[in-house]
1. For the range 271-298, name all the residues that are under 25 Å from residue 243 (Cα atoms) and free of Cβ contacts under 8 Å to residues at least 24 places away in the same chain.
2. Could you tell me whether residue 18 is under 22 Å from residue 321 (Cβ atoms), assigned to a helix (DSSP H, G or I), of a type in the set (Val, Ile, Thr) and not assigned by TED's automatic domain parsing to the domain that holds residue 168?
3. Go through 328, 367 for me and flag whichever is among the charged types (D, E, K, R), buried (at least 16 other Cβ atoms within 10 Å of the Cβ) and either within 15 Å of the chain's Cα centre (by Cα) or closer than 27 Å to residue 81 by Cα (or both).
4. Go through (1) at pLDDT 90 or above; (2) within 30 Å of residue 337 (Cα to Cα); (3) of a type in the set (Ser, Thr, Tyr) one by one and return the number of the condition residue 174 breaks.
5. Any idea which of 367, 328, 333 is among the charged types (D, E, K, R), at negative phi and outside the structural domain of residue 283 (by TED's automatic domain parsing)?
6. Can you name the residue in the range 39-61 that is over 14 Å from residue 86 (Cβ atoms) and small (Gly, Ala, Ser) and is also surrounded by the most Cβ atoms within 10 Å (Cβ to Cβ) among such residues?
7. Only one of (1) surrounded by fewer than 18 Cβ atoms within 10 Å (Cβ to Cβ); (2) farther than 28 Å from residue 78 by Cβ fails for residue 278. Which number is that?
8. May I ask you to say which residue of 295, 335, 346 is surrounded by fewer than 21 Cβ atoms within 10 Å (Cβ to Cβ), within 15 Å of the chain's Cα centre (by Cα) and small (Gly, Ala, Ser)?
Amino acid sequence: MKPADLPIRHQDTLVRKTLRRAELLRYWWEYRGRLESLLRHVEGGGSVQLDARERASIRRFWKHYGVSYVNLEWYRLFKALNGSVDPRYIPEETFRTRLEPLLCRRDVSAAYHDKNQMDRIFADLRRPRTVLRNIYGAYFDEGYQPIRRDAVAAHLAGHHGPHFLKPAISGTGSGNNVARVEFVNGAFRLGASALSLAEIERIYVQDFVIQEGVSQHPSLALFHPGSLNTLRVITLRLNDTIRLIAATLRMGNGSHVDNGHAGGLLCGVNIDSGALTGFACDVLFRKYDRHPLTGAAFAGSFVSFAKTKELALAVHARLPYFDVLSCDIAVLDNGAPCLVEVNTFGQGVEPHQYLKGAPLFDAATEDVLSLVASRARSGWSH
């Protein structure tokens, strides 16, 4: 059968090629400013250069897997951070445009990180309790029973203490528009402001959840008690086996969320022992030996690490559309891991490689790239 005889979706059409080139250009442009900023802030970043042998080695490595262009500026950054060049490190836009689309089904990803659906998919796993759901403009309780809009205030009146108002469907791991809220006299109190349901709807419009706050383990709260500090666990499915490939402790730094783009810090965790790396960094890769607000040292091991790994593997086993998955997992005050969020697409890789001190896929890199190249040649959805 000739390529022209194949169904349209299996043909590498001019439209698909053009869209891929446009996407690559978009991410190149998006990350150009970030790379420039990182190279300014990282020690030696402004002066580090790649020699001709290193540039040729990187290009030759990626060409072998059908990738004709990689942004070599990423390897300047990796060299500044690690002192050497390893072609197996994954540039961010290469992951986003060439690898992730062939390892994860982008077209169904939103359905799986929708917080309104997570309680169905992971009904038997420990999760923050959701007390109110807005699904496509309609309201439901924890058990998905409908609630009239005029009965929402009465439904929430019995819920006391801190809760969190979150978009149900958002950019993965973004932390955007997460608000700490309490219910007082029929109003939503956010800090010093009291908002009505109508005002909440003007902000969030539709598809949001209200979840109870959880009490985290003291060993994690000591880093930054004002945020729920979580472990980002990245897992890989390869040859019918799911394994951990990276783990990073995320903690707040003056905000009630632990996201790096909200000022949070990231600390690497050894995937075999659970030991912390001894330092943390912010999104500009500035290093900290202690938390700048609490003074807590980044030492010791992550609490309940074995159980946390077990939970991450169990979550990934239920999501066969994704060969790479990032889970955000908290540990409760009793030591039990609690699944907070699942990130199915747009899984940033740059800080994890730095904190891990190795390429994202490490010894499995060649196998993963061979799989991606094979799928690309076979016309898999891109």
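The values are calculated or read from the model by the stated rules, or taken from the named source; none is laboratory data. Every value quoted in this text rests on a predicted model; they were computed, and no experiment measured them. Backbone-built Cβ (ideal geometry, glycine too); neighbour counts: all protein chains shown.
1. Residues satisfying the conditions are 272, 278, 279.
2. So residue 18 fails the test.
3. Of the residues listed, the single one that is among the charged types (D, E, K, R), buried (at least 16 other Cβ atoms within 10 Å of the Cβ) and either within 15 Å of the chain's Cα centre (by Cα) or closer than 27 Å to residue 81 by Cα (or both) is 328.
4. Status for residue 174: all satisfied but (1).
5. The unique qualifying residue is 367.
6. 45
7. With respect to (1) surrounded by fewer than 18 Cβ atoms within 10 Å (Cβ to Cβ); (2) farther than 28 Å from residue 78 by Cβ, residue 278 is out only on (2).
8. Details: 295 fails: within 15 Å of the chain's Cα centre (by Cα); 335 fails: within 15 Å of the chain's Cα centre (by Cα).
Every option except 346 fails the conditions.
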